[in-house]
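The values are calculated or read from the model by the stated rules, or taken from the named source; none is laboratory data. A quick note: this is a predicted structure, and the numbers were derived from the prediction, not measured. With ideal geometry, Cβ positions are generated from the backbone for all residues, glycine too; neighbour counts draw on all protein chains shown. Each accessible area value is taken on the protein alone, full model and side chains, heavy atoms only, with ligands, DNA and RNA left out. Shrake-Rupley method; radii C 1.70, N 1.55, O 1.52, S 1.80 Å.
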Amino acid sequence: MALLSLKSERLVFFSFISELYGISEVVVLGADGRFTKVNEGFTCLFCGRDVPAAPQTCRDHCTWCLHSLHVDINPGDRANPCRGLLKPVGYENTGHKGLMIHYRCQKCGEHHRNRTAPDDDFEAILKLQGSYKIP
């Protein structure tokens, strides 16, 4: 299923990434194309475990070790050339978005955060430094 409102060069990139990683569903929501739904399982490059698709929304990190990859500029677009490993460095509970995991890219140093998923290892989240603030 593809519902795209992207420039042609981004569409070519999506096609390439979809074919490379075997992604079967790409949905862009909104006229600005800022959110792309990509919910596929993957093998974690940090711990090696097979991570299933998310029960809700989109999967963007390992449910066990919480690591992620620095692949998005906007959620789901896979347009970031960095491709570095995002190491979980902390968490915070925001009122509006709920529990958020904070990451630091091991390649470029950029800070990033993602929402937790309902099937994340809660004990792994609690082992992170609590109330981390992006500098």
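All told, N114 falls short of being under 20 Å from C58 (Cβ atoms), open to solvent by less than 80 Å² (accessible area, probe 1.4 Å) and either among the acidic types (D, E) or without any contact (Cβ under 8 Å) to a residue 12 or more places away in the chain (or both). Annotation note: of L126, L85, the sole residue that is in contact with a Phe, Trp or Tyr (Cβ under 9 Å, 6 or more places away or on another chain), within 15 Å of H61 (Cβ to Cβ) and among the aliphatic types (A, V, I, L, M) is L85. Selection of region 50-88 for residues being among the hydroxyl-bearing types (S, T, Y) and within 15 Å of E110 (Cα to Cα) yields only S68. Scanning region 39-59 for residues that are in contact (Cβ under 8 Å) with a residue 24 or more places away in the chain and open to solvent by less than 50 Å² (accessible area, probe 1.4 Å) returns A54, R59.
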